[in-house]
Amino acid sequence: MLGKLIHLGIDAVLLSAFLAGIKRSTGLTPNLTQVPNKDVRQLLRTYLEVGEYVFDFAVVIFGRSTSFERRR
Ligand SMILES: *[C@@H]1O[C@H](CO)[C@@H](O)[C@H](O)[C@H]1NC(C)=O
């Protein structure tokens, strides 16, 4: 049960980081004005912010690693 929750949480964070990557490279981001509920909209905004945080964190880690090199 707990393992399943953790798995779901990791999947959610990965999806959010993926969306953050798309936003960083293309500027495309989910149109949150389509969400009618204010609280749900705020929740989704926070969710996307977590993804951007994770994305930035990964960029810092990869940037320091010699296993990755910058190509542009
Ligand atoms: C986002 O959704 C709103 C509400 O449906 C809509 O009015 C708006 O045009 C959408 N934005 C874009 C860029 O499509």
Name the residue, out of 32, 5, 43, that is over 11 Å from the mean Cα position of the chain (by Cα), surrounded by fewer than 10 Cβ atoms within 10 Å (Cβ to Cβ) and of a type in the set (A, V, I, L, M, F, W, C).
5
I'm trying to understand the selection: among the residues of the stretch 32-42, which are outside any helix (DSSP H, G or I) and either away from the ligand (no atom under 16 Å from the Cβ) or among the hydrophobic types (A, V, I, L, M, F, W, C) (or both)?
35
Which residues, counting only those in the stretch 1-55, are touching a residue at least 12 places away in the same chain (Cβ under 8 Å), of a type in the set (D, E, K, R) and under 29 Å from residue 72 (Cβ atoms)?
23, 24, 52
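So that you can scan it fast, the table gives a plain yes or no per residue for (1) within 16 Å of the ligand (Cβ to nearest atom); (2) modelled with pLDDT of 95 or more:
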site	(1), (2)
1	no, no
7	no, yes
10	no, yes
22	yes, yes
30	yes, yes
44	yes, yes
56	no, yes
62	no, yes
71	no, no
Quick check on residue 72: is it among the basic types (Lys, Arg), in contact with a helix residue (DSSP H, G or I) (Cβ under 6 Å, 6 or more places away or on another chain) and free of Cβ contacts under 8 Å to residues at least 24 places away in the same chain?
no
Being open to solvent by 80 Å² or more (accessible area, probe 1.4 Å), of a type outside the set (Lys, Arg) and in a loop (DSSP other than H, G, I, E, B) narrows it down to one residue among 18, 68, 62; which is it?
68
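The values are calculated or read from the model by the stated rules, or taken from the named source; none is laboratory data. As the structure is a computational prediction, the values presented were derived from the model and not from experiment. Glycine also receives a Cβ, built like all others from the backbone with ideal geometry; neighbour counts cover every protein chain displayed. Quick note on the areas: whole protein, heavy atoms, side chains included, nothing else; ligands and nucleic acids left out. Shrake-Rupley method; radii C 1.70, N 1.55, O 1.52, S 1.80 Å.
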